[in-house]
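Working notes, beginning with the structure itself.
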Amino acid sequence: MGQLLTNLNSQQLSHWLTEASQAANKGKLPNYIPLLQQTPPNLLAVCILPINHQINAQGDIDKTFPLMSIIKPFLLFYLLSQLGKEFIFNKVGRDPSNYPFNSLEQLQIDQGFPRNPMINSGAITLASLLLGKDGKTRCQNLQKWLNKQANCNLFLDEFMLNSVQSLPNIRNQSILQELVKQNQINEPEITLDTYNHICCLSGTIIDLARLGLLLVNCPSSLSQENCLIVREIMTTCGLYEASDTFAKKVGFPTKSGVSGAILSLVPEEGAIACYSPALDAEGNSISSLFIIQKIAQFLAS
Ligand code: GLN
């Protein structure tokens, strides 16, 4: 790479933010979570957090948002550290999928063995491995560990959780039934409740960048190998069907969530967190992808 993250100046970043907000005009908000559908689509925030350097954050930096699917790599990281890779990869695969993130068909093709932990079937299966008496306690265990390791301040957004639970999510329910049928999980209600809770862990763009830095600058108390495994799966599977095209264009580990957040990791350099609610057809934030691609082009220049 030609340029470093630390060489990126605030003026340049601010210019891309302006361009990105125009790019979002054609985007859509998710219609299956009412509170996400009511979010102003023009919100936009970005945070660049290089290792051992000052934060560069711009836009709606005080706005909190739910991580949604961005929790998936961190759920994987936590469980790898608790249970080890042999155990985990007996439960889920690590191969990309060309189907949407909530596809039942993919799970059926794979005979109930979730293809990877970045799609719903894999994350729901992993959520069943968290310990605790109920979804709330299980979520708190993950939340506490992440906040401690990443020095961030994730919290459970109860309003978002109520909103998630206010409409039946038929796709997640059928994934759950298939997992039960194939003997992959045995406590369906508590598992889905745990999954919904962890998707509603929320924070600001700075919290998200701090969380990302955990996987870039892995503390010596945690396994470097686990960090590499998670980054690799983010690279190949993090943007669902768009993963392959994006990996060819950008190449660094990235994960998106249906709230409009995207986290990208620049190995050995730092984390880039973006948030903007308007989504493209695959469910990835249009403005966030725009900004990350601009930064990737800058780094390669
Ligand atoms: N809670 C969301 C769902 O299961 C998360 C999905 C996402 O962010 N892509 O549908």
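Things worth noting here:
- Additional length obtainable on full extension of the chain from residue 9 to residue 245, 0.36 nm per residue less Cα span: 82.2 nm
- Whole-number accessible area per residue in Å² for the range 49-199, which is evaluated in the context of all protein chains at 1.4 Å: 46 Å²
- The range 90-129 residues near the modelled residue 173 label - backbone nitrogen below 16 Å, point 7 Å along Cα→Cβ: 104
- Fraction of accessible area attributable to carbon and sulfur, the chain (%, probe 1.4 Å): 48 percent
- For the chain, the relative contact order works out to 29 percent when only alpha carbon pairs closer than 8 Å and six or more residues apart are counted.
- As a calculated quantity, the FRET efficiency between residue 95 and residue 301 at R0 = 41 Å, using C-beta atoms, amounts to about 0.80.
- With viscosity 1.306 mPa s and temperature 10 °C, the Kirkwood radius over alpha carbon pairs of the range 29-95 converts through Stokes-Einstein to a diffusion coefficient of 103 µm²/s.
- When each of 72/248; 91/133; 133/255; 26/63 is checked by Cα-Cα distance, pairs over 24 Å: 133/255
- Between 0 and 90°, nearest 10: helix 224-237 axis offset from the chain longest Cα axis: 90 degrees
- As a calculated quantity, the FRET efficiency between residue 183 and residue 144 at R0 = 35 Å, using C-beta atoms, amounts to about 0.70.
- Scalar couplings 3J(HN,Hα) for the range 22-28, obtained by applying the Karplus form with A = 6.51, B = -1.76, C = 1.60 to θ = phi - 60°, are 6, 4, 6, 3, 8, x, 10 Hz; x denotes Gly and Pro.
- Highest to lowest packing among 96-103, 275-282, scored as the average C-beta count within 10 Å: 275-282, 96-103
- Cα centroid separation - the range 244-273 against the range 177-205, whole Å: 24 Å
- Peptide packing: for 76-84, 145-153, the average count of neighbouring Cβ atoms within 10 Å per residue gives the ranking 76-84, 145-153, highest mean first.
The values are calculated or read from the model by the stated rules, or taken from the named source; none is laboratory data. In this text the structure is predicted, and so the values were computed from the model without any measurement. Glycine gets a Cβ as well: all are built from the backbone with ideal geometry, and neighbour counts include every protein chain shown. Quick note on the areas: whole protein, heavy atoms, side chains included, nothing else; ligands and nucleic acids left out. Shrake-Rupley method; radii C 1.70, N 1.55, O 1.52, S 1.80 Å.
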